[in-house]
Amino acid sequence: VLELLRGVQRGSEDRKRSLSCLRWALRNKETQQKFVRLEGSIRTLIGLFTSSLADMQMEAARCLHELSHSSDPAVAEACLPVTSYLLTYLSGHSIEFTELCLYTLGNLVVESEAVRKQLLPQGIIPVLASCIQSPHEAVLEGLGYVLSQLLQAKEAPTEIIPLVLDSVLPQHMLRLVCSGLKAGIGAAVEFAWCLHYIICSHTANTALLSLGALPALTSLLLDLASEIPEDAPEGLELLICPVLRCLSNLLAEETGCEVQIQDERLLIALFLILQCFLQQHPFIVQECLWLLNNLTADEHFFCSALVSLDLLPALLQLLPCSQMASMLVLTILCNIAEKGPAYCQQLHQQPALPLLLPTLALPDPKVVGQCLELLHLLFLHWPEAAADFVRQGGHQALEQHQSTPELQERARALLDIIGQPLGASAFSPCHAMLSAFS
């Protein structure tokens with residue numbers, strides 16, 4: 001390492017070769033740590049990085065990029081002197097050089113709070129805002145990467161997100177996400193996650209809603225669903241995931257905002273996505289169900305649409321998919337059953353009871369508890385379901401939970417109800433919107 005550094009410093013004819021060899025050497029973690037401890041190492045790289053020799057400048061940029069991959073905060077902090085130059089070079093040079101500077105910045109801010117604290121006063125947010133109108137997909141994707149790393153920092157809600165909201169970044173991020181595949185899926189994915197991190201800070205939702213985020217993201221989801229299954233580009237699920245999360249969290253945070261998207265096509269889109277990705281990308285099922293829960297939590301429109309579009313059978317089929325899917329499906333069914341007798345009658349006619357009985361035998365008390373709550377609503381609003389439940393052996397299924405501390409009260413209450421179908425409710429349901437994963 002020392003010999004390579006000397007070769008670079010001497011300015012000999014083979015300096016570029018030494019620099020290229022150094023770049024390959026810096027892929028090793030121990031080499032990175034040794035290099036930054038050598039006197040003048042970073043200063044030498046900065047000298048070449050800021051030189052007028054384009055080939056030397058590019059090789060120095062690649063060396064700095066390799067250093068930025070280090071998970072050692074000491075290496076990132078050794079690179080502090082280069083941050084102002086990285087920002088300066090975002091406004092010019094080649095696309096490849098700009099992209100390299102962006103990813104180097106993004107890597108550095110991940111590992112070091114000191115780097116982030118230095119970049120903010122240097123004006124990283126205004127510089128990034130000036131880059132976001134670039135016509136080049138590679139630059140936009142790199143820009144999205146830097147922003148997503150900044151927005152995940154622990155100090156982001158208080159120190160970074162306010163600066164982002166005061167810039168033109170939010171509206172341009174929303175525009176680029178909603179242009180979907182036209183801007184390139186990589187850039188759209190990065191900016192969709194950026195919006196997600198902003199929404200999860202709980203400080204920016206009013207601003208995003210005022211920009212029309214809900215109808216825009218809803219329209220995007222309809223467009224993405226229309227790409228399925230024939231023309232779906234590779235990696236489409238990577239964009240669908242953060243878009244679903246953004247919509248879920250916006251609905252969870254803003255009471256009443258769901259009236260802005262009373263469009264039954266959204267349900268059709270969700271079930272198309274579920275059908276397409278169920279086998280290959282099961283994590284999408286969870287995301288769709290989070291959104292479906294928040295759509296149905298306090299809203300008759302989507303509960304009614306689920307029934308009228310005959311989507312309840314498809315929803316019930318998801319019950320055994322996974323523990324989380326079971327919990328979410330049961331919560332959505334509770335949202336529907338809570339709307340009254342007509343909805344409970346529909347659930348009974350599906351029929352839901354034959355699927356609920358095996359659920360009562362699951363080892364997870366939370367899932368079983370949610371199933372008990374759903375049964376309570378069904379029996380309360382549609383007593384015929386209680387009689388049918390008894391005929392299918394439900395009495396024995398409930399008795400086994402009388403000795404489980406967290407379930408025994410609800411199990412006994414249901415046993416009382418099926419003994420006296422028109423009896424009073426023994427416990428009250430509670431259905432709240434759920435914040436998607438932060």
Which of 324, 344, 36, positive extreme of dipole for the chain (C-beta unit charges): 36
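In deg cm²/dmol and to the nearest 500, what is the mean residue ellipticity at 222 nm of the chain if only DSSP H runs of at least 4 residues count, each as -39500 (n - 2.57), divided by the residue total?
-20500 deg cm²/dmol
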- request: With viscosity set to 1.306 mPa s and temperature to 10 °C, compute the Stokes-Einstein D of region 265-367, Rh being the Kirkwood radius across alpha carbon pairs; µm²/s, no decimals.
  value: 115 µm²/s
- prompt: So for the pair residue 263, residue 158, with labels modelled 7 Å out along Cα→Cβ, what separation do we get in nm?
  reply: 3.9 nm
task: Run the numbers on region 27-95 and let me know its relative contact order in percent, using alpha-carbon pairs under 8 Å that are six or more apart.
output: 30 percent
task: Return the sequence-ordered ³J(HN,Hα) values of region 36-43 in whole Hz as given by the Karplus equation 6.51 cos²θ - 1.76 cosθ + 1.60 applied to θ = phi - 60°, using x for Gly and Pro.
output: 5, 7, 6, 4, x, 5, 5, 4
- line: Options (1) 157; (2) 197; (3) 252 are given for volume of the Cα convex hull per residue in Å³, and the computed one is (1)
query: What angle do you read, to the nearest 10 degrees and between 0 and 90, between the alpha-carbon axis of helix 185-200 and the longest principal axis of the chain?
result: 70 degrees
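Of the peptides 196-207, 349-360, 88-99, how do they stack up when ordered by the mean number of other Cβ atoms within 10 Å, highest first?
196-207, 349-360, 88-99
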- line: Measuring from the longest principal axis of the C-alpha atoms of the chain, the long axis of helix 137-151 (C-alpha) lies at a number of degrees, nearest 10, equal to 70 degrees
message: Treating region 1-122 as a set of equal point scatterers at the Cα positions, no solvent, please give the Debye-formula log₁₀ I(q)/I(0) at q = 0.15, 0.20 Å⁻¹.
response: -0.61, -1.10
Separation of the residue 203 and residue 17 label points, Cα + 7 Å toward Cβ, nm: 5.4 nm
- prompt: Which of the peptides 18-24, 277-283 is most tightly packed, and how do the rest follow, going by the mean number of other Cβ atoms within 10 Å of each residue?
  reply: 18-24, 277-283
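Starting from the Cα-Cα distance between residue 181 and residue 364, subtract it from 0.36 nm times their residue separation and give me the gain in nm to one decimal. It would help to have the intermediate numbers written out before the result.
On the way: separation 183, 0.36 × 183 = 65.88 nm, distance 4.07 nm.
Residue separation times 0.36 nm, minus the Cα-Cα distance, leaves 61.8 nm.
Eight or more residues apart or on different chains, and alpha-carbon atoms under 23 Å: count the Lys pairs in the chain matching that. Write down the numbers at each step before the final one.
Numbers: 16/29; 16/34; 117/154; 339/366.
The result is 4.
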- prompt: So what does log10 I(q)/I(0) come out to for region 149-255 at q = 0.21 Å⁻¹, using the Debye formula with one equal point on every Cα and no solvent?
  reply: -1.09
field: Distant-in-sequence amide H partners of residue 278 (H built 1.01 Å from N, under 5 Å)
entry: none
query: Once label points are set 7 Å from the Cα along Cα→Cβ at both residue 314 and residue 33, what is their separation, rounded to one decimal in nm?
result: 5.4 nm
- prompt: How large is ³J(HN,Hα) for each residue in region 391-397, as worked out from phi by the Karplus curve 6.51 cos²θ - 1.76 cosθ + 1.60 (θ = phi - 60°), to whole Hz, x for Gly and Pro?
  reply: 4, 8, x, x, 4, 5, 5
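Which value, in debye to the nearest 20, describes the size of the charge dipole of the chain about its Cα centre when Lys and Arg Cβ atoms bear +1, Asp and Glu Cβ atoms bear -1, and nothing else is charged? Write out the running numbers ahead of the final one.
Details: 24 positive and 44 negative charges, 258 e Å.
So the dipole magnitude of the chain works out to roughly 1240 debye.
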message: Using a Förster radius of 35 Å, what is the FRET efficiency between residue 342 and residue 227 based on their Cβ-Cβ separation? Nearest 0.05, please.
response: 0.50
- request: Return the carbon/sulfur percentage of the accessible area of the chain, one whole number, probe 1.4 Å, all protein chains in place.
  value: 52 percent
statement: Note on region 1-122: contact order normalised by length, alpha-carbon pairs under 8 Å, 6 or more apart, percent, works out to 21 percent
- request: For the chain, report the accessible area per residue in Å² (1.4 Å probe, heavy atoms, rounded to an integer).
  value: 42 Å²
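The values are calculated or read from the model by the stated rules, or taken from the named source; none is laboratory data. Keep in mind it's a predicted model, so treat the numbers as computed, not measured. Positions of Cβ are generated from backbone atoms using ideal geometry, with glycine treated the same way; all protein chains shown enter the neighbour counts. Please note that ligands, DNA and RNA were not included when accessible areas were found on the heavy atoms of the full protein model with its side chains. Shrake-Rupley method; radii C 1.70, N 1.55, O 1.52, S 1.80 Å.
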